[in-house]
Amino acid sequence: MNQTLLVLAGFAGWTLTLSFLLLNMRGYYTFLSSNKVALNKFNPDGSNTPGFGQRLTRAHLNCIEMLPAFCALVVVASLSEQLDIMNSTVIYVLYARIGQSIIHMLSTHLIAVVLRASLWGVQLALLLFYTYQLLNVSAYW
């Protein structure tokens, strides 16, 4: 399978892993925690599960925010037979995403926030580069 398609599957798999962790965290707060939260009362931003619960919620939402754009670029590259544009660097999108999520879940310390933002910047820069390459009109004239 193509490297870019593997990374897309990995990105989706990481997002699903965070979904699974989120499900378990919510189960903990619903059934086991002394600070119980009803299943229908979880705030979308995780604010009623302070600490790790809120950071996990935000890490999961960050994945969901970036996945559609990444997926769209992979689809366009695939349909236009231009996956080579992404193949050599696309693994860094996944590494940066996983790193950003892990740091997000572990800490809100200033250094962690700077590292997390830097990893988000790597993802954004690569996706913008892919967009530019795919839309490079001169290649079609």
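Within the stretch 97-131, being modelled with pLDDT under 95 and in a helix (DSSP H, G or I) holds for no residue. Would you say residue 62 is under 20 Å from residue 15 (Cα atoms), polar (S, T, N, Q) and assigned to a helix (DSSP H, G or I)? Answer is yes for this residue. Among the residues of the stretch 1-45, the one identified as within 30 Å of residue 85 (Cβ to Cβ) and at pLDDT below 90 is 1. Checked against (1) touching a helix residue (DSSP H, G or I) at 6+ places or on another chain (Cβ under 6 Å); (2) in contact (Cβ under 8 Å) with a residue 60 or more places away in the chain; (3) among the polar types (S, T, N, Q), residue 30 meets all criteria but (2). Please list, ordered by first then second residue, the pairs with beta carbon atoms under 6 Å, 6 or more apart or interchain, first in the stretch 104-127 and closer than 23 Å to residue 46 by Cα, second β-branched (Val, Ile, Thr) and assigned to a helix (DSSP H, G or I). Partner pairs satisfying both residue conditions: 112/103; 115/103; 116/103.
In the condition set (1) over 25 Å from residue 9 (Cα atoms); (2) over 22 Å from the mean Cα position of the chain (by Cα); (3) aliphatic (A, V, I, L, M); (4) at pLDDT 90 or above, residue 137 is compliant with all but (4). For the stretch 113-129, residues that are crowded, with 16+ Cβ neighbours inside 10 Å, under 16 Å from residue 62 (Cα atoms) and among the hydrophobic types (A, V, I, L, M, F, W, C) total 5. Being exposed (fewer than 15 other Cβ atoms within 10 Å of the Cβ) and either assigned to a loop (DSSP other than H, G, I, E, B) or aromatic (Phe, Trp, Tyr) (or both) is the filter here; which residues of the stretch 65-88 pass it? Within the stretch 65-88, 80, 81, 88 qualify.
Has the stretch 1-23 got any residue that is more than 20 Å from residue 129 (Cβ to Cβ), surrounded by fewer than 16 Cβ atoms within 10 Å (Cβ to Cβ) and among the polar types (S, T, N, Q)? Looking for residues that are more than 20 Å from residue 129 (Cβ to Cβ), surrounded by fewer than 16 Cβ atoms within 10 Å (Cβ to Cβ) and among the polar types (S, T, N, Q), one finds at least one in the stretch 1-23, hence yes.
The values are calculated or read from the model by the stated rules, or taken from the named source; none is laboratory data. Values in this document were obtained by computation on a predicted structure and should not be read as measured data. Because the Cβ atoms are built from the backbone with ideal geometry, glycine has one as well, and the counts that use them run over all protein chains shown.
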